[in-house]
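Below is one structure, written out as structure tokens; the observations come after it.
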Amino acid sequence: KYFVYHSPYARTTETMEIIKKELDSEYCIGVRSEPRIVEQQFGNFQIYDDVQESRDERRKFGRFFFRFPNGEAGMDVFNRVTSFISTIFRDTHYMNVEGISMDELNIVVVTHGLTLRLFLMRWLQISVDEFEEMYNPDNGFLAVMERQTSKCGSKQWYKLTQD
């Protein structure tokens, strides 16, 4: 079984539709358009030189803390993603109460490069310094986190697969 969250932007909605066609719809228990996982808002740039100036300044300042004029900093996206993760926990709790086995549930998140990196930063507790060394994956990149369980079964965590 699977539940899909996707950014409402056109390209991620199209990607979500492609994914749903490839997966058996019989096992889809829900789809939600989620505005908190849209790409970073870069502001209202109309002049090319202003865009370049902001990008140069961001390189000096750092991608996590630099705020684009009339836009967001990476930290703002991080905060949106943190709120979204709380929603995943709340939703899966209600699904579990309704009898859906969490051992058989996959969560599919269709989002954008920077938002994906910040999601992983938050989930895996990656530091700001480590984040600054990361770059966006290619379009269509598939990041898979698999649940791990301790030998005694009392602890669980998620690990990125190498695929």
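The values are calculated or read from the model by the stated rules, or taken from the named source; none is laboratory data. What you see is a predicted model; the values in this text were computed from it and never measured. All Cβ positions, glycine included, derive from the backbone under ideal geometry; neighbour counts span all protein chains shown. The accessibility values were calculated without ligands, DNA or RNA, using every heavy atom of the protein model including side chains. Shrake-Rupley method; radii C 1.70, N 1.55, O 1.52, S 1.80 Å.
Exactly one residue out of Glu53, Glu57, Glu14 is farther than 21 Å from Gly113 by Cα and assigned to a helix (DSSP H, G or I), and it is Glu53.
Of all residues in the stretch 93-113, exactly one satisfies the criterion of being hydroxyl-bearing (Ser, Thr, Tyr) and within 18 Å of Glu22 (Cα to Cα), namely Thr111. The single condition among (1) open to solvent by 70 Å² or more (accessible area, probe 1.4 Å); (2) under 21 Å from Tyr135 (Cβ atoms) that Glu17 does not meet is (2).
Just to be sure before I move on: is Asp103 of a type in the set (D, E, K, R) and either modelled with pLDDT of 95 or more or closer than 20 Å to Ile37 by Cβ (or both) in the structure I sent? When the stated conditions are applied, Asp103 does not pass them. Before we move on, is Arg11 among the basic types (Lys, Arg), farther than 30 Å from Asp103 by Cα and open to solvent by 80 Å² or more (accessible area, probe 1.4 Å)? Taking the combined requirement at face value, the residue satisfies it.
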